[in-house]
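Enquirer: For reference, the structure I am asking about is given below.
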Amino acid sequence: AWMKPVQEPHAVPPGTAASALEGLAVKGRAQNTDYSREAFGQAWLDVDRNGCDTRNDILRRDLADVVFAEGSTCKVTAGHFREPYTGQDLDFRRGSDSSRAVQIDHVVALGDAWQKGAQGLGPKERQSLANDPLNLIAADGAANQQKSAGDAATWLPKNTAIRCHYVARQISVKAAYGLWVTAAEKDAMKRVLASCPQQQTIRVQQPATAR
């Protein structure tokens, strides 16, 4: 018998990212005063109950030649990948300093989500947004820090080849969770999508390939 998943995946509208963007509300930012990471639940929970926390799930999905810690099928200690935001080849090595070089980016930053509708979501919904593989990409630590809580109007990946996918992914997440965009953000997204009008929304939980 078909088992109901622990967490219902949020529905992303099919079709082009440009048409999904037209379906998003356009409003100003809400206050950022009471934002806290805790509002989105504890970082890196095992939401899908596969015995592995979200960070390791995404490392396993996005890295090639993954090496696990001894006796573990979960804890990723090494791997490498073509990093999507810079387009560079990167190695991941788990360690107190080296782990920071590869971070898991929230494609729609939680601080951005908070100011664009997430304050109105329930705690479970916010936890889901923070752990949804659709909203997570393994990325260069420095690029992730630079992005901070930026939206498409303030930060886009240096690697232009990934921008269509990146913006489509942001639109897909915002559509799935009922978040809005600002006018400046929408303009920035439309500029990117003008070069790839056929770009579809992102519905499968795939790694972002840096072509």
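The values are calculated or read from the model by the stated rules, or taken from the named source; none is laboratory data. For clarity, every value in this text was computed on a predicted model and none was experimentally measured. As a convention, Cβ positions derive from the backbone with ideal geometry for all residues, glycine included, and neighbour counts pool all protein chains shown. The area values use the complete protein model at the heavy-atom level, side chains included, leaving out ligands, DNA and RNA. Shrake-Rupley method; radii C 1.70, N 1.55, O 1.52, S 1.80 Å.
Enquirer: From 175, 139, 152, which residue is open to solvent by 20 Å² or more (accessible area, probe 1.4 Å) and of a type in the set (Gly, Ala, Ser)?
Expert: Working: 139 fails: open to solvent by 20 Å² or more (accessible area, probe 1.4 Å); 152 fails: open to solvent by 20 Å² or more (accessible area, probe 1.4 Å).
Among 175, 139, 152, only 175 is open to solvent by 20 Å² or more (accessible area, probe 1.4 Å) and of a type in the set (Gly, Ala, Ser).
Enquirer: For region 87-205, list the strands (runs of 3 or more DSSP E) that sit wholly inside it and hold at least 1 residues that are aliphatic (A, V, I, L, M) and closer than 29 Å to residue 31 by Cα; which are they? Spell out the reasoning first.
Expert: On the way: elements: 89-93, 102-106, 136-140.
Where strands (runs of 3 or more DSSP E) fall fully within region 87-205 and carry at least 1 residues being aliphatic (A, V, I, L, M) and closer than 29 Å to residue 31 by Cα, they are 102-106, 136-140.
Enquirer: Another question, then. Condition (residue is more than 30 Å from residue 186 (Cα to Cα), among the hydroxyl-bearing types (Ser, Thr, Tyr), touching an Asp or Glu at 6+ places or on another chain (Cβ under 9 Å) and free of Cβ contacts under 8 Å to residues at least 40 places away in the same chain) applied to region 67-79: is it met by at least one residue? Walk me through how you get there before you give the answer.
Expert: In the first step, residues of region 67-79 are kept if they are more than 30 Å from residue 186 (Cα to Cα); the result is 67-79.
In the following step, the residues that additionally are among the hydroxyl-bearing types (Ser, Thr, Tyr) were identified as 72-73, 77.
Applying the additional criterion that residues be touching an Asp or Glu at 6+ places or on another chain (Cβ under 9 Å) yields 77.
So of that shortlist, the ones also free of Cβ contacts under 8 Å to residues at least 40 places away in the same chain come out as 77.
Looking through region 67-79, at least one residue is more than 30 Å from residue 186 (Cα to Cα), among the hydroxyl-bearing types (Ser, Thr, Tyr), touching an Asp or Glu at 6+ places or on another chain (Cβ under 9 Å) and free of Cβ contacts under 8 Å to residues at least 40 places away in the same chain.
Enquirer: Just checking, does region 66-73 include any residue being touching a Phe, Trp or Tyr at 6+ places or on another chain (Cβ under 7 Å) and open to solvent by less than 40 Å² (accessible area, probe 1.4 Å)? Give the derivation first.
Expert: First pass over region 66-73, keeping only residues touching a Phe, Trp or Tyr at 6+ places or on another chain (Cβ under 7 Å): none.
No, region 66-73 has no match at all.
Enquirer: Could you grab the pairs with beta carbons closer than 8 Å, sequence gap of 6+ or different chains, first residue in region 135-150 and within 17 Å of residue 173 (Cα to Cα), second one open to solvent by less than 30 Å² (accessible area, probe 1.4 Å) and among the polar types (S, T, N, Q)?
Expert: Partner pairs satisfying both residue conditions: 136/54.
Enquirer: Another question, then. Go through region 18-32 and give me each residue that's within 10 Å of residue 180 (Cα to Cα), in a loop (DSSP other than H, G, I, E, B) and among the hydrophobic types (A, V, I, L, M, F, W, C). So that I can check it myself, show each step before the final result.
Expert: Taking region 18-32 and keeping what is within 10 Å of residue 180 (Cα to Cα), we get 21, 23-29.
Next, from what is left, pick out any that are in a loop (DSSP other than H, G, I, E, B): 23-25, 27-29.
The answer is 24, 25.
Enquirer: Looking for something small (Gly, Ala, Ser), farther than 28 Å from residue 176 by Cα, touching a Lys or Arg at 6+ places or on another chain (Cβ under 8 Å) and part of a helix (DSSP H, G or I) - is there at least one such residue anywhere in region 65-86?
Expert: Looking for residues that are small (Gly, Ala, Ser), farther than 28 Å from residue 176 by Cα, touching a Lys or Arg at 6+ places or on another chain (Cβ under 8 Å) and part of a helix (DSSP H, G or I), one finds none in region 65-86, hence no.
Enquirer: If residue 163 satisfies every condition in (1) open to solvent by 10 Å² or more (accessible area, probe 1.4 Å); (2) in contact with a Pro (Cβ under 9 Å, 6 or more places away or on another chain); (3) over 25 Å from residue 89 (Cβ atoms) but one, which is the exception?
Expert: (3)
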